[in-house]
Amino acid sequence: MNPKRIVITGGPGTGKTTLINYLKHLGYPTMAEVSRDIINQAREEGVDQLFLKDPMLFSQKLQESRLRQFEKATQIDAAYVFYDRATPDITAYIDFIGANYSPEFEKPCFTHLYDCVFLLPPWELIYTQDNERYETFEQAKQIYKSLCDGYKKYGYSIIQVPQQAVDKRCDFIINYLKDTF
């Protein structure tokens, strides 16, 4: 069975991981965000912020991990698999910093397709910074716009998730999926 690939995305600090963890708690298969792992591995190697120091290397590592997740989902027997971010997030972040990138970063955005994209808007009430989330809330709003533009560039329709408690957000997503697929 090929599950529907469902992306949960948004700028930093919008509740994506909390939502993914809630879906996982309910028994849905999920693919975790890999950025923090890459950041922490780079720190162990003496690089404080790999994305800021070498955004292309960071993006390459992200792409490799996200493509592995994409392939791993083919082994899942379920109606849906939920991703905490996806390949279009990579080019959206590179666009956010204004860097140029090679076609290798865009190719998977056209070949490794997702069935549905849910976007969580900036939410100042829950936004916090930490060791891996260094962006200001203003930058988070700019990243949100870059994500909107990025996903649309690859032909995706975006479903905005309301700013609600995690269980209500989950209900919104599951009800949408049941009505759509």
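Bear in mind that the values in this text are calculations on the coordinates, not laboratory data. Since we're looking at a predicted model, the values are computed, not measured. Positions of Cβ are backbone-derived with ideal geometry, glycine not excepted, and every protein chain shown enters the neighbour counts.
So here's what we get for this one:
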quantity	calculated
Full-stretch length increase - Asn40, Ser157 - with 0.36 nm per residue and alpha-carbon distance subtracted	38.8 nm
Sequence-separation-based contact order of the chain, relative, with Cα cut under 8 Å and 6+ spacing, percent	35 percent
Three-way shape label, the range 4-175, alpha-carbon gyration tensor, a/c 1.5	rounded
Gain in span if fully extended, Arg68 to Met56, counting 0.36 nm per residue against the direct Cα distance	2.5 nm
Sparsely packed GluC sites (Glu not before Pro) within the range 7-88, loop by DSSP, other Cβ within 10 Å at most 15	Glu45
For Tyr114, net neighbour charge (Lys/Arg +1, Asp/Glu -1) across residues whose Cβ lies under 12 Å away	+2
Qualifying GluC sites (Glu not before Pro) in the range 83-181, DSSP loop, other Cβ atoms within 10 Å at most 15	Glu124
Rounded FRET efficiency, nearest 0.05, which uses the C-beta distance separating Arg133 from Asn100 and R0 of 22 Å	0.30
Between 0 and 90°, nearest 10: helix 166-180 axis offset from the chain longest Cα axis	60 degrees
Mean separation of Cα contacts under 8 Å (6+ apart) over length of the range 1-73, as relative contact order %	23 percent
J(HN,Hα) series, the range 18-24, from Karplus relation 6.51 cos²θ - 1.76 cosθ + 1.60, nearest Hz, glycine and proline x	4, 5, 4, 5, 5, 4, 4
Using a Förster distance of 35 Å, the FRET efficiency for Asp179-Asp149 (Cβ separation, nearest 0.05)	0.85
Max mean-square fluctuation residue, GNM over the chain, Cα-Cα springs under 10 Å, options Gln139, Gln129, Gln63	Gln129
Principal-axis tilt of helix 137-153 within the chain, Cα atoms, nearest 10 degrees	60 degrees
R0 of 35 Å, Cβ-Cβ distance Gln142-Asp167: FRET efficiency to nearest 0.05	0.75
Nearest 10 degrees, 0 to 90: helix 55-72 Cα axis against the chain principal axis	30 degrees
Cα centroid separation, the range 102-181 to the range 14-87 (Å)	13 Å
